[in-house]
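Chemist: Handing you this structure, nothing more for now.
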Amino acid sequence: MSILRLENLSFSYDSRVQVLKDINYSFEKGKVYGIVGKSGAGKTTLLSLLSGLARPTGGKIYYDDKDITKIDRYRYRSRYVGVIFQSFNLIPGYTALRNVTLSMDVSGKKIPNKKAHALEMLSKVELNEAEAGRKILKLSGGEQQRVAIARALSYDPDIILADEPTGNLDLGTQEEIINIFKRLAREENKCVIIVTHSPEVAKNVDEIYSLAPLKAESAGKKH
Amino acid sequence: MYILKNAFLNIKSAKGRNILIAIIVLVIAVSSCISLSVKQSAKTAEEEGLKNLSISASISVDRSKLMQNAQNSGQDARTQMQSVQQLTLEEMQTYAQSESVKEFLYTLTASVNGFEVDPVSDEDTSEEETTTQTPSDAQTPTTPGGNMQQDGMGGRGNFLQGDFSVVGYNSYSAMSDFVSGGSKITSGEIFDVTSDSNVCVISEELAAFNSLAVGDTIMLTNPDNEEQYFTFTITGVYSYTSTSSSDEFGRNFSTAMDPANRIYTSYTALNKFIAYTKENAEVTTDDNGREQTTALSGTTSGTYLFASVEDYEAFAEDAKTMGLGDSYTVSSSDLSSYEESLVPIQNTAKFANLMLWVVLAVGGAILVVLNIFNIRERKYEVGVLTAIGMKKRKVATQFVAELLAVTLIAIVAGSGVGAVLSVPVSDALLASQIEAQETKESEQSESFGRPGQSMQGAGGGTGSSQQSFGNSAQVDYITTLSAKTDFWVLGQLMAIGILLTFFASLVAVVFVMRYEPLKILSERA
């Protein structure tokens, strides 16, 4: 049974520039999905729609068979999906640990001993306690990526959305991150959706959806 | 709950920014605390002063109203004024029955001559006939300022000015100079005011001038008929201190108005003397058909004492109900003088109020601007927080909580500093206000050609002749405020802090509500 389903999903900026048109995808728990496509194909836009940061201009997105536009979008973002942004989007003045615990607080889920849980999440992505206590600005790109993953996992969402999660990383680190995602899907039954244009990542996913740029079409254009 | 924890952690981590906000709020709090303390203390001082003020009032002819009536009706002002008599003692006593009156005091004043007693004067009067005559050699005296009208009405009675002013009291309370400490018995003792014996007290100067002492007698005569005399025994000699400019004025005008030539006795004794002269008066008619009498004329002044301003105001109403005509007015020089004494304190309070508004406006504007910069600087943080699912109103609440905490800490510190500074600052402000007021008065006096003398009371149009010439008291300004930062002031400060935070936060809230996480994060990427 699909945890996330897109039905004729369309999106256009300012009701003129059509980016996505009639997308019908289905995502299940326990699998790693890859969304690939050239630059401008609408990969990041699709991720924004899936994470509830943007609203579709056409069609529907169903989370657990519920239209996400009918769910409080803040609740959806804080409890059901964990997003790993391409540029991490961590709060620079906070420590790694505080970034993670804050997400747990925001989710409103009852998580006993949040600090210990956050440290556990960080250790899962191979960050020790000393690194957890450092401010984001004092961590490397790879470490920040791990903190972003730990934050996305901390409140146990059903879906993990990752935008170019290996884009800023070296090959060795890329492999480690891909392994983390695989483990999450296999061992923790998460639905992992990775937006990427990396062939390495695409090789390691269970299913691939390919997006192609719309041919100079625009929603308002007459044919 | 996590919002407050997060707010606290943010305050700790962004020390520089929060210290800057705290300094601005501290300045606002200190200034506001001083302003509010000054305002509150001025109000308290005014209320306390009024509560402790013993108010005295008198009923007099409302001359300004009579003049106005004359103008309106086209009648002669003199006719109008002469048609209204001063109240008699009996009438005054009728109004004294009002429940609002705490005590009624009255005095009788008459101008007399002396036999073998010279009035204290800078001029040589030894050659003058009036002071060397025997009672049987009665002639018209030639004392300075003769023909002075004495009944306060410009009326018919005795129109000759004597050498001495005799004041008869019905009560010790009525002897205001002695009550206030302005005059003191230095030898002998005060007479019994309830007695009708011919006893009196005289000034040290008069005693020295005529080599008189306690136990001696003086013979006081009717200026219009020097064969009519009463002998008074001196029971005491008093000293007096006079700072009144009108005393100086009166001294130059007439010896009777010189405070050294005032003789105090009981009301009954003086009234007995006046009654005697009336019984034996010669009445003639002058060329204008007006009656002239040789009877000694006395002026009765009644003073009503009240426990409070409310009683004084109630009395004015009661007197009208009891039949006091529209031609009379109830007035209180105490209240006028007290209101005058409040001018510097009221000006200080006004200045403090203005300062408060200026500080709030400028400080509030700075705080709002600073908060706008703060929110713009933290735009990315807002984007991340809302992207991970934190509701905008919660983000706004967190920002408000941060500002409120910093503001409250600064206000508490500011209240302490303000409380310490408010006393010297308020006293300095008050001192400058008093100085300004005194300078203004001094300039006014100079314009009247009387440098260094107060003009207060010199122009009382509706008052008695005594008010006009005798008791132009110096205004005693309240010189200390003792500005206290009490709970009321602290409460107001807290309210100011909350309001300032509210307005400054409103900007934050508007910004936060406008921000869209996707846009912020896209711009950042």
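Nothing in this text is a laboratory measurement; each read-out follows from the coordinates by a stated rule. Treat the numbers as computed from the prediction; the structure is a model and nothing was measured. Positions of Cβ are backbone-derived with ideal geometry, glycine not excepted, and every protein chain shown enters the neighbour counts.
Chemist: Peptide B:307-320: average number of partner chain Cβ atoms within 10 Å per residue? Before the final figure, lay out the partial values.
Modeler: On the way: counts 0, 0, 0, 0, 0, 0, 0, 0, 0, 0, 0, 0, 0, 0.
The mean count of partner-chain Cβ atoms within 10 Å per residue comes to 0.
Chemist: Taking the square root of 5 times each eigenvalue of the Cα gyration tensor, what semi-axes in Å does the equivalent ellipsoid of region B:314-385 have, largest first? Please list the in-between numbers first.
Modeler: Numbers: eigenvalues 725, 52, 10 Å².
They are 60, 16, 7 Å, listed from largest to smallest.
Chemist: What is the Rg over Rh value, at two decimals, for region A:12-98, using alpha-carbon atoms and the Kirkwood definition of Rh? List each step's numbers first, then the result.
Modeler: Numbers: Rg = 14.6 Å, Rh = 14.9 Å.
Result: Rg/Rh = 0.98.
Chemist: So, one more: Length gain on complete extension for the stretch B:E116 to B:Q75, per 0.36 nm per residue less the alpha carbon to alpha carbon distance? Provide the component values of the computation, followed by the final result.
Modeler: Numbers: separation 41, 0.36 × 41 = 14.76 nm, distance 4.82 nm.
Length gained between B:E116 and B:Q75: 9.9 nm.
Chemist: Starting from region A:119-223, pick out the chymotrypsin sites (Phe, Trp or Tyr not before Pro) whose DSSP state is loop and whose Cβ has at most 14 other Cβ atoms within 10 Å. Walk me through the numbers on the way to the answer.
Modeler: Details: sites: A:Y155, A:F181, A:Y209; in loops: A:Y155.
Hits after loop and neighbour filter: nothing returned.
Chemist: Related question: How would you rank B:422-433, B:279-290, highest first, on the average number of other Cβ atoms within 10 Å across their residues? Write down the numbers at each step before the final one.
Modeler: Values: B:422-433: 19.1, B:279-290: 9.4.
Descending packing order for the listed peptides: B:422-433, B:279-290.
Chemist: Would you work out if the protein assembly as shown is rounded, prolate or oblate? Take a ≥ b ≥ c from the square roots of the eigenvalues of the alpha-carbon gyration tensor; rounded if a/c is under 1.5, else prolate when a/b is larger than b/c, oblate otherwise. Can you show the working numbers first?
Modeler: Details: a/c = 5.31, a/b = 4.06, b/c = 1.31.
It comes out prolate by the Cα gyration axes.
Chemist: Now for a different question. What average number of partner chain Cβ atoms lie no more than 10 Å from the Cβ of the residues making up B:386-399?
Modeler: On the way: counts 5, 9, 17, 18, 8, 6, 1, 1, 2, 0, 0, 0, 0, 0.
Per residue, the number of nearby Cβ atoms from other chains is 5 on average.
Chemist: Would you work out the Kirkwood radius for chain A? I mean one over the mean of 1/r across all pairs of different Cα atoms, in Å. Present the calculation step by step, with values, prior to reporting the outcome.
Modeler: Values: mean 1/r = 0.0559 Å⁻¹.
One decimal place: 17.9 Å for the Kirkwood radius.
Chemist: Give the separation of the Cα centroids, region B:507-521 to region A:1-41, in Å.
Modeler: If we compute the Cα centre of each part, the gap is 27 Å.
Chemist: By how many nm would the segment from B:E291 to B:I19 lengthen if fully extended, with 0.36 nm per residue of separation less the alpha-carbon distance?
Modeler: Values: separation 272, 0.36 × 272 = 97.92 nm, distance 8.91 nm.
Working it through step by step, the gained length comes to 89.0 nm.
Chemist: Expressed as a whole number of Å, what is the distance separating the alpha-carbon centroids of region B:167-211 and region B:346-416?
Modeler: 69 Å
Chemist: Answer rounded, prolate or oblate for region A:120-214, using the Cα gyration tensor with square roots of eigenvalues a ≥ b ≥ c: rounded when a/c is under 1.5, else prolate when a/b is larger than b/c, else oblate. Please list the in-between numbers first.
Modeler: Numbers: a/c = 2.03, a/b = 1.48, b/c = 1.37.
Verdict is prolate for region A:120-214.
Chemist: Taking every residue in A:100-108, how many Cβ atoms of other protein chains lie within 10 Å of its Cβ, on average?
Modeler: Details: counts 0, 3, 8, 4, 1, 7, 10, 3, 2.
Mean shielding by partner chains, rounded to a whole number: 4.
Chemist: Count charges around A:Q144 for me, please; just the other residues with Cβ under 12 Å from its Cβ, Lys/Arg as +1, Asp/Glu as -1.
Modeler: Numbers: positive: A:R134, A:K135, A:K138, A:R146, A:R151; negative: A:E131, A:E143.
Local net charge: +3.
Chemist: Turning to a different aspect of this structure: Of the listed pairs A:K70/B:K519; A:K31/B:K394; B:K51/B:K350; A:K109/B:K519; A:K114/B:K12; A:K109/A:K135, which have alpha-carbon separations greater than 32 Å here? Please report the intermediate quantities before stating the final value.
Modeler: Values: A:K70/B:K519 22 Å; A:K31/B:K394 35 Å; B:K51/B:K350 22 Å; A:K109/B:K519 28 Å; A:K114/B:K12 21 Å; A:K109/A:K135 25 Å.
The answer is A:K31/B:K394.
Chemist: Ok, one more. To the nearest Å, what is the center-to-center distance of region B:47-118 and region B:278-323, using C-alpha atoms only?
Modeler: 7 Å
Chemist: Can you give me the distance in nm between label points at A:N24 and B:Q68, each placed 7 Å from the Cα along the Cα-to-Cβ direction?
Modeler: Inter-label distance under the simple model: 9.7 nm.
Chemist: Please label the shape of region B:1-99 as rounded, prolate or oblate, based on the square roots a ≥ b ≥ c of the eigenvalues of the alpha-carbon gyration tensor (a/c under 1.5 means rounded; beyond that, a/b larger than b/c means prolate, else oblate). Walk me through the intermediate numbers first.
Modeler: Numbers: a/c = 6.01, a/b = 3.44, b/c = 1.75.
Prolate shape, in that a/c is at least 1.5 and a/b is the bigger ratio.
Chemist: What's the FRET efficiency of B:A361 with B:M494 using the Cβ-Cβ distance as r and R₀ = 22 Å, to the nearest 0.05? Working shown, then result.
Modeler: Values: r = 19 Å, r/R0 = 0.88.
FRET efficiency, B:A361 to B:M494: 0.70.
Chemist: Looking at region A:128-217, which trypsin sites (Lys or Arg not before Pro) are DSSP coil and have at most 12 other C-beta atoms within 10 Å of their C-beta? Display every interim value, and only then the final one.
Modeler: Values: sites: A:R134, A:K135, A:K138, A:R146, A:R151, A:K182, A:R183, A:R186, A:K190, A:K203, A:K215; in loops: A:R134, A:K190, A:K215.
The qualifying sites are A:K215.
Chemist: Report the calculated FRET efficiency for B:M513 and A:I208 (r = Cβ-Cβ distance, R0 = 41 Å), to the nearest 0.05.
Modeler: On the way: r = 40 Å, r/R0 = 0.97.
Given R0 = 41 Å and the Cβ-Cβ separation, E is 0.55.
Chemist: Roughly speaking, what is the stretch gain from B:A413 to B:E205, that is 0.36 nm per residue apart minus the C-alpha to C-alpha distance, in nm to one decimal?
Modeler: Values: separation 208, 0.36 × 208 = 74.88 nm, distance 6.21 nm.
Full extension of this stretch gives 68.7 nm more.
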